[in-house]
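A.B. asks: I have a structure here, written as structure tokens, and I will follow up with some questions on it.
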Amino acid sequence: MQQPTPIRKLAAILAADMVGYSRLMEVDEPGTLARLRTHRLEVVDPAIAKSRGRIVKTTGDGMLVEFNSVVDAVQAAVEIQRRMNRRNSDVAPDRRIEFRIGINLGDVIVQEDDIFGDGVNIAARLQEFAEPGQICISYGVRDQLGLRMDVRFEDLGEQMLKNIARPIRAYRVLWDEAGPGPLPGPDGKAKSERPSIVVLPLTSMSGEQELFADGMTEDIITELSRFRELFVISRSSSFVFKGKSINLREVARELGVQFVLEGSVRRAGTRIRVTVQLIDAEHDRHVWAERFDREMEDVFAIQDELVASIVATLAGRVEAASRERAKNKPTENMAAYECVLAGKTLHHRRSPEANRHALQMLDRAIQLDPGYAHAHAWKACVLGQAWSNGWAKDRDATWKVVVGELETALSLDENDSDVHRILAAVNLVRGDHDQAHYHQNRALQLNPNDDLIVVQQGEILTWQGRAEEGIGWVQKAMRLNPYHPERFWMHLARAYYFAGRYGEAVEALHRISTLDVNQRALMVAAQAQLGDERAARTHAASLLECDRNFGICAHIASLYFKQADDREHLREALRKAGLPE
């Protein structure tokens with residue numbers, strides 16, 4: 001068969017390569033592949049398609065892409081690097097996936113679906129010359145771009161590139177990563193639609209604890225900033241008030257915030273006491289106060305523990321106070337955030353009627369602000385609740401909306417921890433444990449003090465066959481949020497069961513006021529494994545009264561086990577209790 005005649009043409013060629021691919025694969029091969037696939041699906045491929053590029057070929061860690069114009073090529077490259085830089089903002093440096101990109105305009109030979117020639121080779125060498133997370137272009141690309149894009153260029157001079165006989169003039173592409181800040185209010189000061197808070201420097205009641213108090217203040221500010229629904233005043237602004245006699249309402253007015261956190265640190269012998277209080281400055285009332293007492297054995301461990309406890313509880317108290325504010329406003333005049341708060345509250349009531357009302361509130365939030373990623377994510381969560389509980393009239397259509405809302409949320413804000421938390425849950429339901437693992441880890445990186453993220457870590461580890469590890473994470477979530485919902489006990493009970501700690505599983509289940517079908521089934525299994533046949537059969541009879549169509553096979557098929565051994569572990573116990581197949 002005669003080969004097609006090669007043709008020549010001028011094209012913009014983009015070469016991209018992942019930095020440190022071999023090292024990351026050696027450390028965590030499944031996780032690296034899952035994260036790289038996610039970045040390809042959610043960032044790289046859409047950016048290329050948007051700029052009308054053609055992926056010529058890919059390797060494990062790189063790709064070659066052809067564009068009809070240099071503007072299209074550079075637009076795609078900048079979008080990829082900008083979004084990857086944002087994604088990596090809270091990822092440890094040694095775990096980041098970063099790309100180097102080189103772009104050249106040159107003559108190429110097209111044969112079948114591949115391209116060859118000097119123009120391709122220069123693009124590949126420019127990519128090798130680029131720094132991680134950066135874009136390097138040739139003079140031809142720079143010349144053709146002119147002033148047609150909102151980017152800047154750093155002239156790197158003439159470079160001798162590997163296997164290229166002549167020097168190539170290279171440029172680094174520079175772009176603005178900064179996003180818009182809060183809009184100024186009538187008084188000229190920045191206002192935020194989100195709940196806003198300033199953390200004032202904690203007061204040391206004993207002089208030698210001043211550094212400890214300052215360190216705690218800084219850490220609280222840093223950790224609170226991970227909650228993307230809070231607007232947190234920076235350290236430099238809050239420390240202006242250190243050591244001063246101040247009026248809290250005036251401070252709040254000057255900084256344009258709703259809430260103020262203040263507190264003190266006191267040492268007495270071998271113990272340290274930290275007292276904090278949250279104040280609604282606008283209404284001049286206390287929202288929350290707490291005292292933490294610890295032994296001074298390991299001061300840094302104490303600091304980490306106290307910061308985590310304060311931040312996790314504080315975020316919930318701020319949200320609750322904001323929800324109270326929302327109750328006093330007509331629905332039509334609510335801000336989008338307040339609608340989301342109302343939707344969350346209704347969602348947690350776990351009833352068909354509350355679910356419908358929650359969906360109405362989230363639709364209203366999206367109507368008020370279509371670009372509000374958090375609202376789209378929570379709409380997916382609420383619809384997912386309807387889907388999993390059988391409240392949705394059309395399950396297939398509902399599931400498509402769930403997936404669509406999450407894709408929208410991720411495209412709007414890929415650094416929203418709740419978006420990744422809900423994506424992890426959805427992928428768990430899909431049976432894609434690798435994607436669930438990726439999004440769960442991303443959520444944890446973005447906000448390690450959110451009790452919902454922490455408890456879900458324990459849940460996912462249990463489904464993956466790592467129940468003993470899961471126990472620790474669920475217990476941590478319970479410590480982070482002493483006001484946690486009852487369902488946390490189910491997560492703990494399930495982890496105890498699959499770790500073989502059946503008595504503790506029964507104790508955890510007894511902490512739930514009314515058991516649903518899944519919880520009753522776990523109680524039956526735990527009692528059977530303990531050898532208490534009478535209790536197991538009593539609970540089995542109660543289960544069948546609640547669900548006359550209960551069958552072991554259907555029940556196990558509805559769960560999210562990764563390991564076959566875990567399925568058999570549960571199946572064996574349910575059979576022992578006499579439940580029908």
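The values are calculated or read from the model by the stated rules, or taken from the named source; none is laboratory data. If you're wondering where the values come from, they're calculated on a predicted model, not measured in any experiment. Using ideal geometry, Cβ is built from the backbone for each residue, glycine included, and neighbour counts are taken over all protein chains shown. We work out accessible area using only protein heavy atoms, side chains counted, and drop any ligands, DNA or RNA first. Shrake-Rupley method; radii C 1.70, N 1.55, O 1.52, S 1.80 Å.
A.B. asks: Mind telling me which of the residues Arg430, Arg421 ends up being charged (D, E, K, R), open to solvent by 30 Å² or more (accessible area, probe 1.4 Å) and free of Cβ contacts under 8 Å to residues at least 40 places away in the same chain?
C.D. replies: Result: Arg430 is the single residue among Arg430, Arg421 that is charged (D, E, K, R), open to solvent by 30 Å² or more (accessible area, probe 1.4 Å) and free of Cβ contacts under 8 Å to residues at least 40 places away in the same chain.
A.B. asks: Here's another thing I want to ask about it. Considering segment 65-115 alone, what residues qualify as being outside any helix (DSSP H, G or I), among the aliphatic types (A, V, I, L, M) and in contact with a strand residue (DSSP E or B) (Cβ under 9 Å, 6 or more places away or on another chain)?
C.D. replies: Within segment 65-115, Val65, Ile97, Ile101, Ile103, Leu105, Val108, Ile109, Val110, Ile115 meet the criteria.
A.B. asks: Further question: Which of the residues that make up segment 554-567 are in a helix (DSSP H, G or I) and surrounded by fewer than 13 Cβ atoms within 10 Å (Cβ to Cβ)?
C.D. replies: Listed by number, the residues that qualify are Ala554, Ala557, Ala564, Asp565.
A.B. asks: Let me ask something additional. For Thr217, indicate whether it is part of a helix (DSSP H, G or I), modelled with pLDDT of 80 or more and either open to solvent by less than 60 Å² (accessible area, probe 1.4 Å) or out of contact with any helix residue (DSSP H, G or I) (no Cβ under 6 Å at 6 or more places or on another chain) (or both).
C.D. replies: Criteria met by Thr217.
A.B. asks: Considering only segment 270-287, state which residues are open to solvent by 50 Å² or more (accessible area, probe 1.4 Å) and either of a type in the set (D, E, K, R) or part of a loop (DSSP other than H, G, I, E, B) (or both).
C.D. replies: Thr270, Arg271, Arg273, Glu282, His283, Asp284, Arg285 - these are the residues of segment 270-287 that are open to solvent by 50 Å² or more (accessible area, probe 1.4 Å) and either of a type in the set (D, E, K, R) or part of a loop (DSSP other than H, G, I, E, B) (or both).
A.B. asks: Follow-up question, since we're still on this one. Could you list, in sequence order, the residues of segment 239-269 that are in a loop (DSSP other than H, G, I, E, B) and out of contact with any strand residue (DSSP E or B) (no Cβ under 8 Å at 6 or more places or on another chain)?
C.D. replies: Lys242, Gly243, Lys244, Ser245, Ile246, Asn247, Gly269
A.B. asks: Among the residues of segment 107-150, what is the count of those that are open to solvent by 10 Å² or more (accessible area, probe 1.4 Å) and at positive phi?
C.D. replies: 3
A.B. asks: What is the one condition in (1) at pLDDT below 85; (2) surrounded by fewer than 18 Cβ atoms within 10 Å (Cβ to Cβ); (3) among the basic types (Lys, Arg) that Arg169 does not satisfy?
C.D. replies: Arg169 satisfies all of (1) at pLDDT below 85; (2) surrounded by fewer than 18 Cβ atoms within 10 Å (Cβ to Cβ); (3) among the basic types (Lys, Arg) except (1).
A.B. asks: Does Arg356 count as touching a helix residue (DSSP H, G or I) at 6+ places or on another chain (Cβ under 6 Å), modelled with pLDDT of 80 or more and open to solvent by 50 Å² or more (accessible area, probe 1.4 Å)?
C.D. replies: No, not satisfied.
A.B. asks: While we're looking at this one, here's another question. In a loop (DSSP other than H, G, I, E, B) and crowded, with 20+ Cβ neighbours inside 10 Å: does that describe Leu522?
C.D. replies: So Leu522 fails the test.
A.B. asks: Test of understanding: among Arg54, Arg23, which residue is among the basic types (Lys, Arg) and within 28 Å of the chain's Cα centre (by Cα)?
C.D. replies: Arg23
A.B. asks: In addition: If I go through segment 116-143 residue by residue, how many of them are assigned to a strand (DSSP E or B) and either over 12 Å from Glu66 (Cβ atoms) or not aromatic (Phe, Trp, Tyr) (or both)?
C.D. replies: 4
A.B. asks: Could you please give the count of residues in segment 240-269 that are open to solvent by less than 80 Å² (accessible area, probe 1.4 Å) and of a type in the set (D, E, K, R)?
C.D. replies: Going through segment 240-269 one residue at a time, the tally reaches 2.
A.B. asks: Mind listing just one residue for me: the one in segment 440-449 that is open to solvent by less than 20 Å² (accessible area, probe 1.4 Å) and within 11 Å of the chain's Cα centre (by Cα) and, of those, modelled with the highest pLDDT?
C.D. replies: So, considering only residues that are open to solvent by less than 20 Å² (accessible area, probe 1.4 Å) and within 11 Å of the chain's Cα centre (by Cα), the one modelled with the highest pLDDT is Gln440.
A.B. asks: For segment 53-67, which residues satisfy the criterion of being modelled with pLDDT of 85 or more and open to solvent by 40 Å² or more (accessible area, probe 1.4 Å)?
C.D. replies: Arg54, Ile55, Lys57, Thr58
A.B. asks: Filter segment 568-581 down to the residues that are open to solvent by less than 50 Å² (accessible area, probe 1.4 Å) and assigned to a helix (DSSP H, G or I) and list them by number.
C.D. replies: Once the filter is applied, which keeps residues that are open to solvent by less than 50 Å² (accessible area, probe 1.4 Å) and assigned to a helix (DSSP H, G or I), segment 568-581 yields His569, Leu570, Arg571, Ala573, Leu574.
A.B. asks: Out of everything in segment 462-479 that is of a type in the set (A, V, I, L, M, F, W, C) and open to solvent by 10 Å² or more (accessible area, probe 1.4 Å), what residue ends up being farthest from Ile556 (Cα to Cα)?
C.D. replies: Among those that are of a type in the set (A, V, I, L, M, F, W, C) and open to solvent by 10 Å² or more (accessible area, probe 1.4 Å), it is Met478.
A.B. asks: Going through segment 465-486 one residue at a time, which ones are closer than 22 Å to Arg520 by Cα and either assigned to a loop (DSSP other than H, G, I, E, B) or without any contact (Cβ under 8 Å) to a residue 12 or more places away in the chain (or both)?
C.D. replies: The answer is Gly465, His484, Pro485, Glu486.
A.B. asks: How many of the residues in segment 89-105 are open to solvent by less than 10 Å² (accessible area, probe 1.4 Å) and small (Gly, Ala, Ser)?
C.D. replies: Looking only at that region, the number is 1.
A.B. asks: In this structure, is Val402 among the β-branched types (Val, Ile, Thr), open to solvent by less than 20 Å² (accessible area, probe 1.4 Å), closer than 24 Å to Val455 by Cβ and out of contact with any Phe, Trp or Tyr (no Cβ under 8 Å at 6 or more places or on another chain)?
C.D. replies: no
A.B. asks: Residue by residue through segment 310-353, note down the ones that are modelled with pLDDT of 75 or more, part of a helix (DSSP H, G or I), in contact with a helix residue (DSSP H, G or I) (Cβ under 8 Å, 6 or more places away or on another chain) and open to solvent by 10 Å² or more (accessible area, probe 1.4 Å).
C.D. replies: Within segment 310-353, Ala342, Lys344, Thr345, Leu346, His347, Pro352 qualify.
A.B. asks: Could you tell me how many of the residues in segment 404-420 are under 8 Å from the mean Cα position of the chain (by Cα) and either within 18 Å of Arg40 (Cβ to Cβ) or assigned to a helix (DSSP H, G or I) (or both)?
C.D. replies: Looking only at that region, the number is 5.
A.B. asks: Scan segment 15-40 for residues that are open to solvent by 40 Å² or more (accessible area, probe 1.4 Å) and under 21 Å from Leu64 (Cβ atoms) and jot them down.
C.D. replies: Listed by number, the residues that qualify are Tyr21, Ser22, Leu33, Arg37, Arg40.
A.B. asks: Here are some residues: Leu492, Leu544. Which one is open to solvent by less than 20 Å² (accessible area, probe 1.4 Å) and not in a loop (DSSP other than H, G, I, E, B)?
C.D. replies: Leu492
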